[in-house]
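Engineer: Structure below; questions to follow.
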Amino acid sequence: MPEINKDNKKIVKVESGHRISEYVKSNEYIAAIVDGTLHDLSDVLESGRDAVLIHVDSEEGMRILRHSAAHLLAQAVTEIFPDALPNAGPATDDGFYYDFRMQPIGMEDLSKVEERMREISSKKLKIEKRELNKRELLELFKNNKYKIDRIMENVKDGTSSTVYSQGEYVDFCRGPHVPETSYIKAFKLLSIASTNYRGDVKLESMVRIYGTAFPDEKSLKLYIKNREEAAKRDHRKIGAEMDLFVFNPDRAPGLPLYTSNGAFIRNQLIDFMRNLNRENGWMEVCTPHLFRDTMWKQSGHYAKYKDDMFLFTLADGDEYALKPMNCPGHITIFENSPHSYRDMPVKMSEFGTVYRYEKSGEVGGLSRPRTFTIDDGHAFLRPDQIKEEIGLTLDMIMKSMGIMLSGWPISFDLSLMDKNHPESYLLQYKCRKCTHIIEPVRKSANASDIQCPECGSVDLEPDFSVWDSATDQLRSALVSRNIAFKEFEGEAAFYGPKIDVHVKDAFGRSWQLSTLQLDFNMPRSFGLYFINSESKHETPIMLHRAIFGSIERLIVILLESYFGKLPTWLSPLQVYLIPVSEAYADYASEIEKMLKSRGIMCILDLSSETVGKKIKLIRTKRPSYICVVGENERNNNTITVRNRKDSQVTLAVDEFINKLTKEINERRIEQSF
RNA sequence: GCCACUGUAGCUUAGCUGGUUGAGCAGCUGAUUCGUAAUCAGCAGGUCGGGGGUUCAAAUCCCCCCGGUGGCUCCA
């Protein structure tokens, strides 16, 4: 996605009784904000106001443009397929879609639809808004049950709402939209998908058409080019070329097998994180891959994720499950011994391989496998230790991202609770009558199903103090590291607030890596405690944290972003060594021995092919260095080295090996030569 | 699971409107001993994803199944 210019703000004074459009000279402005609400340019203001014009290049402007493009799509589809019933068509982060109840269509139909959209666009149809009352709305859309559903849900009796029309096409919509169809000129339909009404598999299936639109042809082209470029860098293609992993759909669907090359990359990443864990007091543990169902029932995973777990029953009737998460295993270790407040925090880490039964259509490559390994960690904390521990974990994140993905934009999201819906969260309550504190529970949405155990009153007040304190500590940990972050209200898990870390690659794709989640629930459901300074049992707070996230996904990110040309410390082929002829095989073997004794990944190619051919054919394996030795090198005890960018230098063998060893040990991204 | 696209040798691929598959690379054998993106020659490798049907004849047309890929959260 191209950069969005957020400073394209223009404010005009609109006098009472006038249309906003009268003050707009350029067709780069497509809508306006007045007193915080969105308006069409055709709107007449009843009293004089400042209107903030929305530029088509702004984030808001793009959404409006794409939403209008979705309407254009619906118009074209209903013209070509009169039986198609439009449901809904919003803008998405990088385009738009529209859902229709209709016969399945194919890609040929898509180009027909796109052609029709262009025709309609060039007709410069005015996009007009009308206000209708509920009765009129229901009458207008009487043949479309989906629109009727939406009207019933969104328009209260006796009130009115808006419809937008362009030519013959009318849609129930709250807008705003661009002024006329010709504003939508740079667009493309991308794909067809099946979806169900309201996303519910039990309801009828619908055809979803995806597309995207941009303010100008150039940005559209760039977007399409980036998509194609990203496809070329698909990790599955690169992985096959470099011989990193194998998939066998018959024997192990969705379960990757790593070759020695792939295993090398994994192990390098794991070694790196293992050291970082040690430096930061995360003690490595090792837990089994399967547990009895009883544990999963206690943890709550069974109730929530039963359908996504690999479950099986043994001959004696005992039920087991492969672990979908590592936390209960770590809890089992924690439980085994008493803990004083002085020993806290207790921090366990594990490269924990988990198994999740993803639905058949959802698995694919390393990005959506059915087994993956998390650089998992669970800290058992006293309530006052959150800030310190989060701060240290943020340091680990900054350090590891700097080493692996130097210079990539990183963003931090802090997810908070929505205090208007306390019933969505695990909360402590206070009895308004007798001030008794009720242990954390999750109230159900409507019922007054909880009563005070002391006086029986149902008049309970949510006590946010634990959440507030935890959230403040997360926030101040971020602030203490000078980290910019965004807050998202209502995005917290029911059991606690969290911080998510995303990185953005060279193609503008955002990837989630680290997560830090506080958990007030699991320590409670397992009855965990530590002995506090008053010799009383106190429940610890758990921190679930992963820095890489899944190692599989990290490998995907590294392969796709480096195009397979990994930093040398991660490369399974660090040196590819060629003697110019058999006569120099001995000299090359000596060098090979020296490299191997330093642990450098090296292949010596003594086959009878020409140097040119060997270089040509090794390219898909992406060696860090291609080294050639012959008469010159042997006479001077040197080596000729060609790097990933194909620049070449001849230097002393000792110097090469020393600098290369340093490059690998220091995990440098840039090459030494 | 649902929809679209797709499936010819290990990889990349030719095969038009039906006449039982053609190549390049990789592999193997031999020659060549060579200075940075393919040395030469030969050999071998395919139930055209699987099954059924139409037809004198199917990789090609029809039906069913199985893989792979994209999508199935963003609500007028």
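Engineer: Report the full-extension gain for the segment A:Leu311 to A:Glu582: residue separation times 0.36 nm, less the Cα-Cα distance, to one decimal in nm.
Structural biologist: So the extension gain works out to 91.8 nm.
Engineer: Can you tell me what share of the DSSP beta bridges in segment A:568-665 is antiparallel? A percent to the nearest 5 is fine.
Structural biologist: 50
Engineer: Filter A:Lys156/A:Lys430; A:Lys147/A:Lys486; A:Lys202/A:Lys306 down to the pairs with a C-alpha to C-alpha distance above 28 Å, please.
Structural biologist: Pairs exceeding the cut-off: A:Lys156/A:Lys430; A:Lys147/A:Lys486.
Engineer: Mean residue ellipticity at 222 nm from the helices of chain A, using -39,500 (n - 2.57) per DSSP H segment of n ≥ 4 over the full residue count, to the nearest 500 deg cm²/dmol?
Structural biologist: Theoretical 222 nm ellipticity from helices: -9500 deg cm²/dmol.
Engineer: May I pose another question? Going by a 4.7 Å Cβ-Cβ cut-off, which cysteines of chain A have no partner at all?
Structural biologist: So, A:Cys173, A:Cys286, A:Cys327, A:Cys602, A:Cys627.
Engineer: Can you pull the Rg over Rh of segment A:374-508, Cα-only, Kirkwood?
Structural biologist: Across segment A:374-508, the Cα-based Rg/Rh ratio is 1.09.
Engineer: Right, another one. Order the peptides A:666-672, A:465-471 from the highest to the lowest mean number of other Cβ atoms within 10 Å of their residues.
Structural biologist: By packing density, highest mean first, the sequence is A:465-471, A:666-672.
Engineer: May I pose another question? Rounded to the nearest 0.05, what FRET efficiency do A:Asp472 and A:Val44 give with R0 = 51 Å and r taken as the Cβ-Cβ distance? Could you check?
Structural biologist: Calculated transfer efficiency: 0.60.
Engineer: log10 I(q)/I(0), Debye, Cα-only chain A, no solvent, q = 0.07, 0.12 Å⁻¹?
Structural biologist: So the normalised log intensities are -0.66, -1.37.
Engineer: Taking the mean number of other Cβ atoms within 10 Å as a proxy for protection, how do you rank A:507-516, A:139-148 from highest to lowest?
Structural biologist: A:507-516, A:139-148
Engineer: Just the number, please: carbon plus sulfur as a percent of the accessible area of segment A:460-592, 1.4 Å probe, no ligands or DNA/RNA counted.
Structural biologist: For segment A:460-592, the apolar C and S fraction of the accessible surface comes to 47 percent.
Engineer: Treating only the Cβ of Lys, Arg, Asp and Glu as charged (+1, +1, -1, -1), what charge dipole size does chain A show about its Cα centre? Round to the nearest 20 debye.
Structural biologist: 1020
Engineer: Based on the Cβ-Cβ distance of A:Glu136 and A:Lys419, what FRET efficiency does E = 1/(1 + (r/R0)^6) give at R0 = 41 Å, to the nearest 0.05?
Structural biologist: Efficiency at R0 = 41 Å is approximately 0.60.
Engineer: Kindly provide the GluC sites (Glu not before Pro) of segment A:311-365 that DSSP labels as loop, not H, G, I, E or B, and whose Cβ sees at most 16 other Cβ atoms within 10 Å.
Structural biologist: Counting only loop positions with at most 16 other Cβ atoms within 10 Å, the GluC sites (Glu not before Pro) in segment A:311-365 are A:Glu358.
Engineer: Here is a follow-up. What does the highest-first list of A:13-19, A:305-311, A:497-503 look like by mean Cβ count within 10 Å?
Structural biologist: Per-residue mean Cβ counts within 10 Å order the peptides as A:497-503, A:305-311, A:13-19.
Engineer: Starting from the 7 Å offset along Cα-to-Cβ, what nm value, one decimal, do you get for the label separation of A:Lys25 and A:Glu128?
Structural biologist: If labels sit at A:Lys25 and A:Glu128, their model points lie 2.9 nm apart.
Engineer: Grab the Cα-Cα distance for A:Ile148 and A:Leu257, subtract it from 0.36 nm times how many residues apart they are, and report the gain in nm with one decimal.
Structural biologist: Result for the pair: 34.1 nm of gain on full extension.
Engineer: Within straight cross-link reach of A:Lys565, meaning Cα distance under 17 Å, which lysines are found once same-chain residues fewer than 8 apart are removed?
Structural biologist: Hits, sequence-local ones excluded: A:Lys232, A:Lys237, A:Lys616, A:Lys621, A:Lys645.
Engineer: Something else: Accessible area per residue, 1.4 Å probe, Å², for chain A: what's the number?
Structural biologist: Here the per-residue accessible area is 49 Å².
Engineer: Compute, for segment A:117-244, the length of the dipole vector about the Cα centre, with Cβ point charges of +1 (Lys, Arg) and -1 (Asp, Glu) only. Units Debye, rounded to 20.
Structural biologist: In total the dipole reaches around 140 debye.
Engineer: Further, regarding this structure: First compute the accessible area of segment A:112-254 with a 1.4 Å probe, then give the percent of it belonging to carbon and sulfur atoms.
Structural biologist: Of the solvent-accessible surface of segment A:112-254, carbon and sulfur hold 48 percent.
Engineer: If you don't mind, there's one more thing I want to ask. Assuming R0 = 51 Å, can you tell me the calculated FRET efficiency for the pair A:Glu670 and A:Lys202, based on Cβ-Cβ distance, to the nearest 0.05?
Structural biologist: It comes to 0.40.
The values are calculated or read from the model by the stated rules, or taken from the named source; none is laboratory data. Everything numeric in this text was worked out from a predicted model, so none of it was measured. Note that each Cβ is placed from the backbone with ideal geometry, even for glycine, and that neighbours are counted across all protein chains shown. Side chains are part of the model used for accessible areas, which takes the heavy atoms of the whole protein and leaves out ligands, DNA and RNA. Shrake-Rupley method; radii C 1.70, N 1.55, O 1.52, S 1.80 Å.
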